[in-house]
Amino acid sequence: MKKSVMITTPAYYVNARPHIGHAYTTIACDTWARYQRLTGNDVFFLTGTDEHGDKIVKAAAEQGKSVEEYCDEIAGEFKSVWQSLGISCDDMIRTTEVRHKKVVTEILQKIYDAGDIYAGEYTGKYCFGCERYLTDKELNGKGECEVHLKVPEVISEKNYFFKMQKYLPIWKEMLLKNSSLVQPEGYYKEVLGTIDELVKNGEDLSISRPKKRLKWGIEIPFDKDYVTYVWFDALINYVSAAGYGASSFGVRWSGAHHMIAKDILKPHGVYWPTMLLAAQIPMYKRLIVHGYWLGFQDQKMSKSLGNAKDPLELSAWLGNDALRFFLMREMNFGGDARFSEEIMVNRLNANLANDLGNLVQRTLSMLKKYECGPAPSAKLHQSGDTIHAALKTLKKDYHQRFESFEFHNAIESVFVLIRLLNKIVDEYKPWQLAKENLPECVSLLNTLLRAIVIVLLYLRPVLPEKTADLLSLLKVKSDEEFPDTLTAVHFAEAKLDTWPMLFQRIEIKE
Ligand code: MSP
């Protein structure tokens, strides 16, 4: 039955241009969204930008731009990068949009009216240089701000607090009943640990900032002197984009999946669920967490370390599909992964140029050279039995792995079939059959072609451009469901003249 599924990327801060870390999450969501569409589900794929808060004000000031102008510029850049990477998102929300501000205001008022927001004293370590409170992690060994090398002052001021403590035990109960709410398992456990820690320290969540210090935010509806804390604002993007308040919201939200990296596990695994409970919005379906791409010396790739790769530069070199393939296949979803040119070149040459590229190239060349097809009426070859057994395994593994966000394993399940097909070519030697037994050669090459079509159809979510090119050449509909038998494949009788080279071998540049 057709299901409604929603998949979201984080709303990225506009204080940095999109780098390969952002591209990874967006491409992973895109791959999953494409997979879901191909299984016949109704998909809503959301991405967006997080534009309020002092980080953004600072970044704009550093560039001598007004904050509005700066946000427009970087949000526009995210949009154009996603477009050129072929991202199939259905919506891209900006937290500065009216539709979002309206929902934030509504939700704040609702929680306030229910008595779950109260005014209190906030005490924290304030750095006047940074103009914000610092966390202990942001201090150096001497307890100083790492940027201004001054010990921050402990100050107290009025702020609004959300009664997060009231909802932590309820959320914990829900998690204990359903461990699939946060995945993979390591992060599920981490969330449970964080809840226990927060319950122990007993603090609620400060959700406001005084306007005298920060104007760039959404005004608190019940106190004009305050704006909303940026996380409380940003998390709500997911429901504002899903149409909170509209009749379509319920169905859309019922299939909500959030994808993030582990850096923002606490806001998504703890703050957001308690906010949803307080606002009486149904819980998200799953929070899916991945690790970091590590650059030089195994440090997390990030703007601040200056070690992050530019996705457009990489796609200009490799093409969109090869870049997607590398990112999706190389990282064991959940863990960290190293990024280097050498690792990338080795992966792409081994899997795309060798395994897949060779299979397609030699099968099509022989079909052409021996004038064997494509001939849909050709008899299935005896190797079809082995291929069918492999297809059973592929079908089971592929869907199960995609459903559980194991991209690397889902892709690998297709490559098991690809390697088997290459073995069949080596074993039956069509170049010899062409001389000794042409009917068998015809049946072998066309059986292989059927299997190649299946391979291409299963690789559509990760290689959307290349598979579409080749499938259209073979006159196979590219929105077909995933076939599980060789005879379920339909291609046209044709004479192949030329076809696009799938993937060339690449050389290390550095
Ligand atoms: N604005 C917040 C999110 C608010 S969501 C309601 C934010 N933005 S961010 O621009 O810093 O994006 C963080 C996200 O970018 C990570 O969770 C991850 O999706 C992606 N990544 C950034 N660097 C990354 C790596 N080096 N490796 C993997 N993912 C990376 O946090």
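The values are calculated or read from the model by the stated rules, or taken from the named source; none is laboratory data. Here the structure is a predicted model, which means the values were calculated and not measured. Positions of Cβ are generated from backbone atoms using ideal geometry, with glycine treated the same way; all protein chains shown enter the neighbour counts. We work out accessible area using only protein heavy atoms, side chains counted, and drop any ligands, DNA or RNA first. Shrake-Rupley method; radii C 1.70, N 1.55, O 1.52, S 1.80 Å.
What FRET efficiency would be calculated for the residue pair E203, A114, taking the C-beta separation as r and a Förster radius of 25 Å, to the nearest 0.05?
It comes out at approximately 0.80.
Can you tell me the order of 287-300, 405-418, 427-440 when each peptide is scored by its average per-residue count of other Cβ atoms within 10 angstrom, highest first?
Result, highest mean Cβ count within 10 Å first: 405-418, 287-300, 427-440.
How high is the FRET efficiency from W499 to E427, r the C-beta distance, R0 25 Å, rounded to 0.05? Don't jump to the answer; show the numbers that get you there.
Details: r = 25 Å, r/R0 = 0.98.
Given R0 = 25 Å and the Cβ-Cβ separation, E is 0.55.
Considering the chain, which cysteines have no disulfide-compatible partner, defined as another cysteine with its Cβ under 4.7 Å away?
By the Cβ distance rule, which asks for a partner under 4.7 Å, the isolated cysteines are C29, C71, C89, C372, C441.
Excluding V14 itself, what net charge comes from residues whose Cβ is under 15 Å from its Cβ, given Lys and Arg +1 and Asp and Glu -1?
Around V14, the charge tally is -4.
In deg cm²/dmol, rounded to 500, what helix-only [θ] at 222 nm does the chain give when every DSSP H run of at least 4 residues adds -39500 (n - 2.57) and the total is split over its residues? Let's see the in-between values first.
Numbers: 19 runs with 235 residues, N = 510.
After summing the helix terms and dividing by residue count, I get -14500 deg cm²/dmol.
Give me the angle, in degrees from 0 to 90, between the Cα long axis of helix 407-428 and the longest principal axis of the Cα atoms of the chain, rounded to the nearest 10.
10 degrees
Out of the DSSP beta bridges found with both residues in the chain, what percent are antiparallel (nearest 5)?
Of the beta bridges lying entirely in the chain, close to 50 percent run antiparallel.
Whole Å is fine, so just give me how far the alpha carbon centre of segment 99-176 lies from that of segment 296-310.
28 Å
Can you list the residues, at least 5 places off or on another chain, whose amide H is less than 5 Å from the amide H of D91, using H built in the peptide plane?
Correct list: F45, T47.
Would you mind classifying segment 128-251 by shape? Square roots of the alpha carbon gyration tensor eigenvalues, ordered a ≥ b ≥ c; an a/c under 1.5 is rounded, otherwise it is prolate if a/b is larger than b/c and oblate if not.
Because a/c hits 1.5 or more and a/b fails to exceed b/c, segment 128-251 counts as oblate.
Which value, in debye to the nearest 20, gives the size of the charge dipole of the chain about its Cα centre, when Lys and Arg are +1 and Asp and Glu are -1 at the Cβ?
Dipole of the chain, to the nearest 20 debye: 700 debye.
Taking only the alpha-carbon positions of the chain and ignoring solvent, what does the Debye formula give for the base-10 log of I(q)/I(0) at q = 0.07, 0.08, 0.09 Å⁻¹?
So the normalised log intensities work out to -0.46, -0.58, -0.71.
Can you pull the accessible area of Y112 for me, 1.4 Å probe, Å² to the nearest 10?
For Y112, solvent-accessible area is about 80 Å².
Any chance you could check the Cα centroid distance between segment 1-59 and segment 358-396 for me, in angstrom?
First find each Cα centre; the distance between them is then 37 Å.
Placing unit charges on C-beta atoms (Lys and Arg positive, Asp and Glu negative, everything else neutral), compute the dipole magnitude of segment 380-510 about its Cα centre in debye, rounded to 20.
120 debye
Under 16 Å from the 7 Å Cα→Cβ point of S156, by amide nitrogen: which residues of segment 112-129?
The answer is 119-126.
Sequence neighbours fewer than 8 away in the same chain don't count; with that in mind, list the aspartates and glutamates whose C-alpha is under 17 Å from K142.
E153
Give me the angle, in degrees from 0 to 90, between the Cα long axis of helix 164-177 and the longest principal axis of the Cα atoms of the chain, rounded to the nearest 10.
30 degrees
Accessible area of the chain with a 1.4 Å probe: how many percent of it is carbon plus sulfur? Don't skip to the end; give the middle numbers.
On the way: 11270 of 22420 Å².
Reported share for carbon and sulfur atoms: 50 percent.
With θ taken as phi - 60° and the coefficients 6.51, -1.76 and 1.60, list the Karplus ³J(HN,Hα) couplings across segment 345-354 in order, rounded to whole Hz; mark glycine and proline as x.
4, 4, 4, 5, 5, 5, 8, 8, 6, 7
With everything on Cα atoms, drop me the angle between helix 20-38 and the longest principal axis of the chain, reported from 0 to 90° to the nearest 10.
60 degrees
Which order do R338, R450 take by accessible area at a 1.4 Å probe, largest first?
R338, R450
May I ask for the distance between the Cα centers of segment 192-224 and segment 456-477, given as a whole number of Å?
Going from one Cα centre to the other spans 48 Å.
Give me the accessible area per residue for segment 341-490, probe 1.4 Å, as a whole number in Å².
In whole numbers, segment 341-490 has 42 Å² accessible per residue.
Apply 1/(1 + (r/R0)^6) to the Cβ-Cβ distance of S80 and D479, taking R0 = 22 Å, and write down the FRET efficiency to the nearest 0.05.
For R0 = 22 Å, the calculated efficiency reads 0.25.
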